[in-house]
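Right, one structure below, let's go through it.
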Amino acid sequence: MAIAKMKLVNIIGHMDSLDSVLIACGKTGVSQPDDALSFFSDTRDFTIPQEENPYTEPLSRLESAMSRAGVEPAEVEVELDASADKSALFQYVERFSQRITELTRQRGILSVRAESINKDCEQFEHFLGLDIDMDAILSCETIKVRFGRLPRDSFEKLKMYNANPYVLFFPGVSDASYYWGVYFAPIDLSPEVDRIFSSLYFERLRIPAAVGKPEEIVAHLREEKQQVAQELASLDRQIQDIWTEERDECLRVYTQLKQFHYYYSARRFAARYNDKFILTGWISSRDERKFRIALDGVDGIEYTIERAVNDAHHTPPVKLQNAGAFRPFEFFVDMYGLPRYTEIDPTAFVAITYTLLFGIMFGDLGQGLVVSIIGWLMWKLKKMAIGKILVPCGISSAIFGLVYGSVFGFEHALDPLYHALFGLEEKPIEVMNSSWAMNIILAAVVIGLLLIITAMCLNIYSSLRRRDYESGVFGPNGIVGLVFYGSLVFGFGLQLLLGVTIVTLPYVLGLIVLPLILMFFREPLGKLMAREPDWKPEKWGEFILQNFFEMFELMLSYLSNTMSFLRVGAFVLIHAGMMMAVFTLAELAGGVGYVAIVIFGNALVMCMEALLVAIQVLRLEFYEMFSRYYNGDGRPFRPLDASSGEKVFTPAK
């Protein structure tokens, strides 16, 4: 359980050196800049560099050109130099962008033309077989021409209009639903003819002007379509040739612009005083030597590195440092919220308790090993953080499966092992036995008591370390709360289980009532102990009423938090019960059905119960333990590093 010790860095230099400083800091990957103005009480003579980022526009143009060329931008290894000539980068962007833009402009025009040809060709293909000259028909001034399609059933109904010589439909091609064709009508009779065809659900198509018969028009369009396709392919080859030629240089320029843009954006953390700048940030103690070497290579600056002091305005960022076995569980800590700089890191405690509780609740040798293998594959193949957590959890499940004697739900498969090692006829713990079931429930409560007491001890240590006497001494999870809770558990536990009567009047008054009174007045007592002048509540009546209800809620929380651990024992019984149901169904099926049901049942129980157990254990961690000793409102340490791909972060408020 470790939080990296931080040091505060102050850098002063000429504004011309600011970019070099930021790049040097970024190359180390170990420093996080902070808002320099927040470290001064009087900021009237300071300003924030607010120049427009000169790399935004060329970077955007280059990304746009690469996108039009069908290329995904990617960063490569480059050596960034703040003193390098930036105009060469901008000139390259201009030249490359113009070449790609011109070719893609031509390609766009041809693409629109190809789309138009396809559309025209599709329309004229519907009228193949009509032996008519399209140009002559469309230019006729004495008749109206209507091209379109008619439903098949409507085509049959045309026989009803045989008496009308103008209701004639000349079909071209057809499919299962429609006939495509044309009808003609004199100008003066066209409204009546249009009305008739409209009643037959005729759908008119607006076809473009063309010369020749439909077959000739379609043939010409297909030739033009092929020619446009060849021109498009030629342009694509030209674009590809340009990219093949410029790839290395383009990616190098892109990477440099990307990183220059990133570091220039970080200038807003600096404070400007005339032609000088002040930059403030954080580094971990172990990286101090590496950081000094980087800054010593920058001319014209001065810097100091001092021990970080936590206060209300300048809370150092948090960087967790845990051993390899515990590091995967930082995922859960980060999910809840990182610790404050002065808090303890709960990662190791979470790793131990989460793995232990998961194994107890999901104890099965075979299924536990499968969970470990799946977790390992999730991490290796998909880099899923939860996968690395499932590996130790599955091993824990397998270990407790040995204790319970369960292998893929076979409750007596390990009896020969117990007989060979311990001389037992069968496994020592029979989960589904009524007597053992009660013992498992009681053991779950005892585990809960021990974990809650441990969480209280962690809170006492963490609170006293940051001089929070209200929480560490008089709070419900402080020394007074530990005495109260421990006295209840110890006194009534001995009396109920062993019949030992120690809960006497002095015991109640000294170890139960007095701690309750101290907890009731924890706020003023904590302020008194911290020697704060304004320790008295503003309104005693309001204070007493509010604390009365808080104490009532506190009593309920002690009980509910303890009872929450009953789920640990309950899931032990649920797992055995679910597998018993699987084997009952398998025995009813028999034969091949037995094997299929056992395999499917194991897979179903493993997936469903592993998920439920993982969620329930996480709930116990967050609500029953974290709530007692952990705040989780720290801010993460995010070093300045353009190669990491992270955005420049927001400083602490």
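The values are calculated or read from the model by the stated rules, or taken from the named source; none is laboratory data. These figures come from a predicted structure and were not determined experimentally. Neighbour counts are summed over all protein chains in view; Cβ atoms, including those assigned to glycine, are modelled from backbone coordinates with ideal geometry. The protein model used for the area step is the full one, side chains on, heavy atoms only, and it has no ligands, DNA or RNA in it. Shrake-Rupley method; radii C 1.70, N 1.55, O 1.52, S 1.80 Å.
If residue 334 satisfies every condition in (1) modelled with pLDDT of 90 or more; (2) in contact with a helix residue (DSSP H, G or I) (Cβ under 8 Å, 6 or more places away or on another chain) but one, which is the exception?
Only one criterion is unmet by residue 334, namely (2).
Looking only at the range 116-131, filter to residues that are surrounded by fewer than 17 Cβ atoms within 10 Å (Cβ to Cβ) and closer than 15 Å to residue 181 by Cβ; which one of those is modelled with the lowest pLDDT?
129
Looking at the range 376-409 only, could you name the residues that are of a type in the set (A, V, I, L, M, F, W, C) and without any contact (Cβ under 8 Å) to a residue 12 or more places away in the chain?
Listed by number, the residues that qualify are 377, 381, 384.
(1) part of a helix (DSSP H, G or I); (2) within 30 Å of residue 446 (Cβ to Cβ): which one isn't true of residue 544, the others all being true?
(2)
Looking at this structure, is residue 572 surrounded by 16 or more Cβ atoms within 10 Å (Cβ to Cβ), within 25 Å of residue 372 (Cβ to Cβ), β-branched (Val, Ile, Thr) and under 33 Å from the mean Cα position of the chain (by Cα)?
Yes.
Taking residue 336, is it of a type in the set (Ser, Thr, Tyr) and surrounded by fewer than 22 Cβ atoms within 10 Å (Cβ to Cβ)?
Taking the combined requirement at face value, the residue satisfies it.
Spot the failing condition for residue 371; the list is (1) open to solvent by less than 30 Å² (accessible area, probe 1.4 Å); (2) assigned to a loop (DSSP other than H, G, I, E, B); (3) β-branched (Val, Ile, Thr), and only one is missed.
Status for residue 371: all satisfied but (2).
Quick one: count up the residues across the range 176-212 that are among the acidic types (Asp, Glu) and within 18 Å of residue 160 (Cα to Cα).
Of the residues in that region, 2 qualify.
Determine which member of the set 617, 613 is in a helix (DSSP H, G or I), at pLDDT 90 or above, in contact with a Leu (Cβ under 6 Å, 6 or more places away or on another chain) and not hydroxyl-bearing (Ser, Thr, Tyr).
617
Do any residues in the range 132-148 that are part of a helix (DSSP H, G or I) have Cβ atoms under 6 Å from those of residues that are open to solvent by less than 70 Å² (accessible area, probe 1.4 Å) and modelled with pLDDT under 75, where the two are at least six apart or on different chains, and which pairs are they?
Close Cβ pairs satisfying both conditions: 134/210.
Would you be able to tell me the number of residues in the range 399-449 that are part of a helix (DSSP H, G or I) and either open to solvent by 40 Å² or more (accessible area, probe 1.4 Å) or not small (Gly, Ala, Ser) (or both)?
Final tally of qualifying residues: 26.
Would you tally the residues in the range 17-54 being assigned to a loop (DSSP other than H, G, I, E, B), of a type in the set (Val, Ile, Thr) and over 22 Å from residue 294 (Cβ atoms)?
Residues meeting the conditions: 2.
If we keep just the residues of the range 358-375 that are closer than 23 Å to residue 597 by Cα and touching a residue at least 40 places away in the same chain (Cβ under 8 Å), which is nearest to the chain's Cα centre (by Cα)?
If we take residues in the range 358-375 being closer than 23 Å to residue 597 by Cα and touching a residue at least 40 places away in the same chain (Cβ under 8 Å), then 371 is nearest to the chain's Cα centre (by Cα).
Scan the range 1-20 and report the pairs whose first residue is of a type in the set (S, T, N, Q) and whose second residue is part of a strand (DSSP E or B), with Cβ atoms within less than 6 Å and a gap of 6+ or a chain change.
Sorted first by the residue in the range 1-20, then by its partner, the pairs are 10/280; 10/304; 17/301.
For the range 345-368, name all the residues that are of a type outside the set (A, V, I, L, M, F, W, C) and in a helix (DSSP H, G or I).
347, 353, 354, 355, 359, 366, 367, 368
Is the range 240-259 home to any residue that is open to solvent by 30 Å² or more (accessible area, probe 1.4 Å), within 30 Å of residue 342 (Cα to Cα), in a helix (DSSP H, G or I) and out of contact with any Lys or Arg (no Cβ under 6 Å at 6 or more places or on another chain)?
no
Tell me the residue from 586, 610, 614, 642 that is crowded, with 17+ Cβ neighbours inside 10 Å and more than 37 Å from the chain's Cα centre (by Cα), please.
Going through 586, 610, 614, 642 in turn, the sole match is 586.
May I ask you to verify whether residue 283 is assigned to a strand (DSSP E or B) and touching a Lys or Arg at 6+ places or on another chain (Cβ under 7 Å)?
Here the answer is yes, as residue 283 does meet what is asked.
Please give the number of the condition residue 639 fails out of (1) in contact with a helix residue (DSSP H, G or I) (Cβ under 9 Å, 6 or more places away or on another chain); (2) more than 30 Å from residue 251 (Cα to Cα); (3) modelled with pLDDT of 90 or more.
Of the numbered conditions (1) in contact with a helix residue (DSSP H, G or I) (Cβ under 9 Å, 6 or more places away or on another chain); (2) more than 30 Å from residue 251 (Cα to Cα); (3) modelled with pLDDT of 90 or more, the odd one out for residue 639 is (2).
Which one of these does residue 396 not meet: (1) modelled with pLDDT of 85 or more; (2) open to solvent by 60 Å² or more (accessible area, probe 1.4 Å)?
(2)
From 31, 97, 83, 60, which residue is among the hydroxyl-bearing types (Ser, Thr, Tyr), open to solvent by 50 Å² or more (accessible area, probe 1.4 Å) and under 36 Å from the mean Cα position of the chain (by Cα)?
Of the residues listed, the single one that is among the hydroxyl-bearing types (Ser, Thr, Tyr), open to solvent by 50 Å² or more (accessible area, probe 1.4 Å) and under 36 Å from the mean Cα position of the chain (by Cα) is 60.
Read through the list (1) open to solvent by 50 Å² or more (accessible area, probe 1.4 Å); (2) more than 29 Å from residue 19 (Cα to Cα); (3) in a helix (DSSP H, G or I), then give the number of the only condition that residue 228 fails.
(1)
If you go through the range 165-183 one residue at a time, do you hit one that is touching a Ser or Thr at 6+ places or on another chain (Cβ under 9 Å), part of a helix (DSSP H, G or I) and not basic (Lys, Arg)?
Scanning the range 165-183, I find no residue that is touching a Ser or Thr at 6+ places or on another chain (Cβ under 9 Å), part of a helix (DSSP H, G or I) and not basic (Lys, Arg), so the answer is no.
Could you check the range 55-81 and list, in sequence order, the residues that are at negative phi, out of contact with any helix residue (DSSP H, G or I) (no Cβ under 7 Å at 6 or more places or on another chain) and assigned to a loop (DSSP other than H, G, I, E, B)?
Matches in the range 55-81: 72, 77, 79, 81.
With the checklist (1) touching a residue at least 24 places away in the same chain (Cβ under 8 Å); (2) part of a loop (DSSP other than H, G, I, E, B); (3) under 22 Å from residue 568 (Cβ atoms) in hand, flag the one item residue 467 doesn't pass.
(3)
From the list 55, 92, which residue is surrounded by 12 or more Cβ atoms within 10 Å (Cβ to Cβ), in contact with a Leu (Cβ under 7 Å, 6 or more places away or on another chain) and at pLDDT 90 or above?
55
Tell me, which helices (runs of 4 or more DSSP H) lie completely within the range 473-536 with 1 or more residues that are within 15 Å of residue 554 (Cα to Cα)?
By residue number, 479-497, 514-520, 522-529.
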